[in-house]
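Asks: Dumping the structure here so I can ask a few things about it.
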Amino acid sequence: MHRACRDILETTGVRLHEQEAVALLRDVGCCFEDDNLVRIPLDLVEHATMVAPKDVAIYDRNGGPAPRNEPGWIRSFAGC
C-alpha cells in the first residue's frame, strides 16, 4: 500500500485545490501541470514520511478527545 501511494504521488500525481498547498509544493520544487496537478518526487515523499509526527491528537466536533487510533480501538471515518 505504501509503495502504491508513493508511485501515485510521483507518477500520476494529485490535484490540489488549496492554494496554500500549491504554493508550498511549488516552493520546494515540485512540478505542476494545469496549475493544480502536482507530481511529488519520491525523495520528497520519503522525507515527509520521516519528519511527520508519528502520533496526532484527534478531537470530536465538541472539542473533546476522540478515541485513539491504536490497537484495541476501531475507528471509522465516513466519507473518506
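The values are calculated or read from the model by the stated rules, or taken from the named source; none is laboratory data. Just so it is clear, the model here is predicted, and its values are computed rather than measured. Using ideal geometry, Cβ is built from the backbone for each residue, glycine included, and neighbour counts are taken over all protein chains shown.
Residue by residue, here is whether (1) assigned to a helix (DSSP H, G or I); (2) modelled with pLDDT of 90 or more; (3) in contact with a Phe, Trp or Tyr (Cβ under 8 Å, 6 or more places away or on another chain) holds:
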{"position": "Arg6", "(1), (2), (3)": "yes, yes, no"}
{"position": "Leu9", "(1), (2), (3)": "yes, yes, no"}
{"position": "Val22", "(1), (2), (3)": "yes, yes, yes"}
{"position": "Phe32", "(1), (2), (3)": "no, yes, no"}
{"position": "Asp35", "(1), (2), (3)": "no, no, no"}
{"position": "Val38", "(1), (2), (3)": "no, yes, yes"}
{"position": "Val45", "(1), (2), (3)": "yes, yes, no"}
{"position": "Ala48", "(1), (2), (3)": "yes, yes, no"}
{"position": "Asp55", "(1), (2), (3)": "no, no, no"}
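Asks: Moving on to the next point. Go through (1) modelled with pLDDT of 90 or more; (2) touching a Pro at 6+ places or on another chain (Cβ under 6 Å) one by one and return the number of the condition Trp73 breaks.
Replies: Only one criterion in (1) modelled with pLDDT of 90 or more; (2) touching a Pro at 6+ places or on another chain (Cβ under 6 Å) is unmet by Trp73, namely (1).
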